[in-house]
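Notes follow the structure.
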Amino acid sequence: MVDHRASPGLPEHIARWAGYDPKQTGEGKVFEVDTLKCFNCHGHVVPNPQRTRERHSYKGNYVCDNCAYLLSQPDYVHTPLAKLYDKLKTQAMLGSSPGLLTSQ
Ligand SMILES: [Zn+2]
C-alpha cells in the first residue's frame with residue numbers, strides 16, 4: 001500500500017516511470033496492490049503491469065530479479081534466509097562484525 005492521504009502524491013511523470021497509474025498515486029490517494037514475495041530474500045515486489053519479461057521462479061515459487069541472477073551463478077549455494085539470520089545472531093552474540101560473515 002502506498003498512502004498519499006497526507007502527502008502531495010507522486011508527480012505524474014514519476015508515477016509513470018515507476019509503473020504506477022498516476023490516477024492511483026496522486027494527492028489524497030491510497031494505492032493498494034497484491035505484491036510478490038521473493039522465495040529467496042523474502043523481499044516484496046510491486047508487479048509492474050507493463051512488464052513483458054518473464055518472471056523468475058525457484059522450485060515453483062516467485063524469485064525477484066536480483067535473486068534470479070544470484071541463483072543463476074554456477075558457484076551459488078542456496079542457504080535458507082532463516083539459517084542466515086541464525087548465523088548472524090550467533091556471530092553478533094560472539095561480538096563478530098556482520099561484515100565478517102560469509103555465505104557458507
Ligand atoms: Zn529476492
* Asked: Do you know which residues across region 33-60 are part of a strand (DSSP E or B) and within 30 Å of Pro22 (Cα to Cα)?
  -> Leu36, Lys37, His44, Val45, His56, Ser57
* Structure fact -> Counting only residues in region 21-35 that are crowded, with 16+ Cβ neighbours inside 10 Å and in contact (Cβ under 8 Å) with a residue 24 or more places away in the chain, the one farthest from Lys59 (Cα to Cα) is identified as Lys29
* **Cross-chain or 6+ apart pairs with Cβ under 8 Å, region 76-90 first and more than 17 Å from Asn66 (Cβ to Cβ), then assigned to a helix (DSSP H, G or I)** => Leu88/Pro98
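Conditions tested, residue by residue: (1) in contact with a strand residue (DSSP E or B) (Cβ under 8 Å, 6 or more places away or on another chain); (2) among the charged types (D, E, K, R); (3) modelled with pLDDT under 90.
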position	(1), (2), (3)
Ser7	no, no, no
Ala18	no, no, yes
Phe31	yes, no, yes
Pro47	yes, no, yes
Gly60	no, no, no
Pro74	no, no, no
Pro80	no, no, yes
Leu84	no, no, yes
Thr90	no, no, yes
* Residue list for region 1-20, restricted to those being closer than 30 Å to Tyr58 by Cβ, in contact (Cβ under 8 Å) with a residue 24 or more places away in the chain, not aliphatic (A, V, I, L, M) and not in a loop (DSSP other than H, G, I, E, B) -> none
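The values are calculated or read from the model by the stated rules, or taken from the named source; none is laboratory data. Given the structure is predicted, the values throughout are model-derived calculations rather than measurements. Using ideal geometry, Cβ is built from the backbone for each residue, glycine included, and neighbour counts are taken over all protein chains shown.
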